[in-house]
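The values are calculated or read from the model by the stated rules, or taken from the named source; none is laboratory data. On a predicted model such as this, the values are computed, not experimentally measured, just so you know. Positions of Cβ are generated from backbone atoms using ideal geometry, with glycine treated the same way; all protein chains shown enter the neighbour counts. Accessible surface is based on the protein model in full, side chains and every heavy atom, while ligands, DNA and RNA are left aside. Shrake-Rupley method; radii C 1.70, N 1.55, O 1.52, S 1.80 Å.
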Amino acid sequence: MAEKRDARGDKTQQTHTGRQPARQNRQNYYDRQRTYQGQDGYDQQGYGSQQGGYGPQGYYSQQGYGGQQSYYEQQGYGNPQGYYNQQGYGDPQGYYSQQGYYGPQGYYEESGNSGKKGRGKKKKKHRKLIFAIEVIVLLILALGLFAFAQLGRLDRVKLNDILVNSGIVKSGYRNIALFGVDSREGQLESGTNSDTIMVASINEGTGDIKLVSVYRDTYLDNTNGEYRKATECFAGGGAERSVNMLNKNLDLDITDFVTVDFNAIIEAVDLLGGIELDITEEERGWLNGYLVETSEVTGVPYTTVDSPGRQTVTGIQAMAYCRIRYTEGWDYKRTERQRTVLTQIFEKAQAKGVTGLIPLINTMMDYISTSLSNTEILALATGITKYNISDTTGFPFNYQGADIGSAGDCVVPVNLAANVTELHRYLFGEENYTPSQTVQEISNQIIANTGIQ
């Protein structure tokens, strides 16, 4: 009889499967005397008994399948050393265990599908996770490529010669100039006055944004030796000269700008589903008047505003609202309206999220000129949720209206240096800021030219 060894190399008994079935055991198939009772086959000595099939020594027992030493036990499938146990599928060291599927170290445990370390469910979850990540990556890439393709349509203007006063570094803040031009012919670079002049100061640590409107008629050094209205710098030298005017007169370190025309505001508001404005009766009359001219310039149809109060307005209505300058507060109130509209647009855009901004990006590209790179624009867009317009104001804080010779009706800063000190406190939290020598000299010259101090 050949010697057999189990998976661990231990000796096992010779398997007798099929050699001496119960029916050939000692007397007959069922028992010595009877079949189903007493000492019958399914009892003590029968098919299911001592020498039978299911009993202690039966076919399914001693040499069979069910007993203590049966094929399914000692050398078979069921007991601690059986095929389904020691070398098989069922016990702690069986095929389904140590080398198998279900035990503490089995295929379905350590590297399988069922246990805490199983392979099946984890593999499925892992595959789902990988698939989800792949989808997200592809979506981001697709959006990025689309955005870059659209951004390629931008009117890109490189600022070559930026002026910053000596010693001016605003660490932790990014300052960007925003210009809105009253353009009838799509002139975004020069040749038209900047109807809107703003400084957007971004606190890079907190994400807070403060908007400061510089009144368009502010009497300042226009960087070429003349003192005139701030708005005229854009017509004569475009964004670069206007940025330099802001840096030189206000001790700022702006290196980038964004310019938009009427259509950009109209398109943005309409694509965002309108914005909420609280319109007074006085404003309503002027707004409806500006609608006529704005429609003629842009070709956008309009409906009049029929009643005062808080209401959702269209793009062209929002643009007409921004242009109102003849109510109480005059141009100062107009800049406040412009900041209100910009804040409303920002908040609606922020609620859309990055993917929701795709149609906005696609539509507005033809109405924007900027020095920002594609990477910078995408960084600002993808981080839109962390930004917050925390406050807005107008500059100068203290001023006086006056007719200044060839410059015309101007807004004269009542001591420019003092106003700049207040501006730096407002934007950067710098208490008792001391303006640069350049600003001090400009301030003195304004006093000398106007007699207003």
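Key figures for this structure:
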{"quantity": "Built amide H within the under 5 Å cut-off of Thr231, gap 5+", "calculated": "Thr218"}
{"quantity": "Gain upon complete extension [Tyr426, Thr303; 0.36 nm per residue less C-alpha separation]", "calculated": "40.3 nm"}
{"quantity": "Charge dipole magnitude, Cβ of K and R +1, D and E -1 - region 300-377, Cα centre, debye nearest 20", "calculated": "160"}
{"quantity": "Full-stretch length increase - Asp278, Ala351 - with 0.36 nm per residue and alpha-carbon distance subtracted", "calculated": "24.2 nm"}
{"quantity": "Around Asp331: net Lys/Arg minus Asp/Glu count, Cβ-Cβ under 9 Å", "calculated": "+3"}
{"quantity": "Spin-label model distance (nm) - Asp208 vs Val169, 7 Å beyond Cα toward Cβ", "calculated": "2.4"}
{"quantity": "HN-Hα J in Hz across region 416-430 - Karplus 6.51, -1.76, 1.60, θ = phi - 60°, x for Gly and Pro", "calculated": "4, 4, 5, 5, 5, 4, 5, 4, 5, 5, 5, 7, 10, x, 8"}
{"quantity": "Potential extension, Gln453-Thr385 segment - 0.36 nm per residue separation minus Cα distance", "calculated": "20.2 nm"}
{"quantity": "Distance (nanometres) between label positions extended 7 Å along Cα→Cβ at Ala235 and Arg310", "calculated": "4.0"}
{"quantity": "Whole-percent carbon and sulfur share, accessible surface of region 175-322, 1.4 Å", "calculated": "44"}
{"quantity": "Computed FRET value (nearest 0.05) for Gln400 with Thr375, which takes r as the C-beta separation and R₀ as 41 Å", "calculated": "0.40"}
{"quantity": "For Ser194, residues with placed amide H under 5 Å, excluding near neighbours", "calculated": "Phe234, Ala235"}
{"quantity": "Residues of region 269-294 with amide N under 15 Å of a point placed 7 Å along Cα→Cβ from Glu328", "calculated": "280-284"}
{"quantity": "Estimated FRET transfer efficiency when R0 is 51 angstrom, pair Asn288-Thr434 (beta carbons, to 0.05)", "calculated": "0.60"}
